[in-house]
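Asks: After the structure tokens below, expect a handful of questions from me.
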Amino acid sequence: MADVYKFRLQKLLDIRKDYEEKSKILFKEAQREKDLVENELNKLKEKYKDHKNIDAYESIVQQKIKQNYLNALNYAIDKNTIVLEDKAKILEQRRQELKKCQVEKKTVEILREKQKIAFLKEQNLIEQKANDEFALFAFIRNNYK
């Protein structure tokens, strides 16, 4: 076929694809940030778990230093827990934005496919009509010479 299908909304589809790619990048960045905070929180919890036992055999000074260290760890754990919750909210927001971008892109892609199918059907009908006319002319020429 000489005619090639041109989608009139191709620029819109390209824009939607760009938005989706940008949204993917933002989502991955939010995921990475959340993972970093989560890893840091796990490290702090592990340190707290390792040092939480205070021996009665240690000197008062060592016990006091250890208690201050545990308090600092506990404060950092609480702070990172809040940061992790914020990062999780941001990540969920980015996930919703990405889903929205994917739906918008898919909508235009479906429209493009439907229009392409309709275009191809129309082209096939035109070709079939031309073939029928050629066959009719050949029949007329052969039978009425």
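The values are calculated or read from the model by the stated rules, or taken from the named source; none is laboratory data. Values in this document were obtained by computation on a predicted structure and should not be read as measured data. Cβ placement follows ideal geometry from the backbone for every residue including glycine, while neighbour counts extend to all protein chains displayed. These area figures cover heavy atoms from the full protein model, side chains too; ligands, DNA and RNA do not enter into them. Shrake-Rupley method; radii C 1.70, N 1.55, O 1.52, S 1.80 Å.
Asks: Residues in segment 3-39 near a label at Glu113, defined as backbone nitrogen under 18 Å from the 7 Å Cα→Cβ point?
Replies: Hits in segment 3-39 for Glu113 at 18 Å: 5-10, 13-14, 16-17.
Asks: Taking the Cβ-Cβ separation of Lys64 and Arg32 as r and a Förster radius of 35 Å, what is the calculated FRET efficiency to the nearest 0.05?
Replies: For R0 = 35 Å, the calculated efficiency reads 0.35.
Asks: Report, to the nearest whole %, how much of the accessible area of the chain belongs to carbon and sulfur atoms, 1.4 Å probe, protein only.
Replies: Using a 1.4 Å probe with all protein chains present, the chain comes out at 56 percent carbon and sulfur.
Asks: Report the relative contact order of the chain, percent, no decimals, based on alpha-carbon pairs under 8 angstrom and at least 6 residues apart.
Replies: 42 percent
Asks: What's the longest bit of the chain with no exposed chymotrypsin sites (Phe, Trp or Tyr not before Pro), using DSSP loop states and at most 14 other Cβ atoms within 10 Å as the test?
Replies: Formally, the longest exposed-site-free interval is 58-143.
Asks: Now for a different question. Run lengths n ≥ 4 of DSSP H only: what is the helix-derived mean residue ellipticity at 222 nm for the chain, with -39500 (n - 2.57) per run over all residues, to the nearest 500?
Replies: Calculated from helices alone, the mean residue ellipticity at 222 nm is -33000 deg cm²/dmol.
Asks: Using a 1.4 angstrom probe, figure out how much accessible area the chain has per residue, in square angstrom, rounded to the nearest whole.
Replies: 81 Å²
Asks: If the reach is capped at under 18 angstrom between alpha carbons, list the lysines near Lys79, excluding any in the same chain fewer than eight residues apart.
Replies: Candidates past the 8-residue exclusion: Lys34, Lys43, Lys45, Lys47, Lys49, Lys87, Lys89.
Asks: What is the chain by shape, rounded, prolate or oblate, if you read a ≥ b ≥ c off the alpha carbon gyration tensor as root eigenvalues and call it rounded for a/c under 1.5, prolate for a/b larger than b/c, and oblate otherwise?
Replies: The shape class here is prolate.
Asks: Moving to a separate point now. Among the lysines, which fall within straight-line cross-link reach of Lys114, defined as a Cα-Cα distance under 20 Å, with same-chain neighbours fewer than 8 residues apart omitted?
Replies: Excluding near neighbours in sequence, the set is Lys6, Lys11, Lys17, Lys105, Lys106.
Asks: Right, next: What does a probe at Gln93 reach in segment 1-43, counting residues whose amide N is under 20 Å from the point 7 Å along Cα→Cβ?
Replies: Only 19-38 fall inside the zone, counting backbone N under 20 Å.
Asks: Another one. Round to the nearest 10 and give me the degree value, 0 to 90, for the angle of helix 60-143's Cα axis relative to the longest principal axis of the chain.
Replies: 0 degrees
Asks: A further question on this structure: To the nearest 0.05, what FRET efficiency results for Glu85 and Val4 with a Förster distance of 41 Å applied to their C-beta separation?
Replies: About 0.15, to the nearest 0.05.
Asks: Something else: Sort Val108, Val103, Val83 by accessible area with a 1.4 Å probe, largest first.
Replies: Accessible-area ranking of Val108, Val103, Val83, largest first: Val103, Val83, Val108.
Asks: Rounded to the nearest 10 degrees, what's the angle between the helix 10-51 long axis and the longest principal axis of the chain, both from Cα atoms, 0 to 90?
Replies: Result, in degrees: 20.
Asks: Express in nm, to one decimal, how much length is gained between Asn143 and Val103 on full extension, taking 0.36 nm for each residue of separation and deducting their alpha carbon distance.
Replies: Gain on extension, Asn143 to Val103, equals 8.5 nm.
Asks: Based on Cβ point charges of +1 for Lys and Arg and -1 for Asp and Glu, what charge dipole magnitude is obtained for the chain about its Cα centre, in debye rounded to the nearest 20?
Replies: Result for the chain is approximately 360 debye, rounded to the nearest 20.
Asks: Given the whole protein assembly as supplied and a 1.4 Å probe, what does the accessible area of Leu12 come to in Å², nearest 10?
Replies: Approximately 60 Å² of Leu12 is accessible to the 1.4 Å probe.
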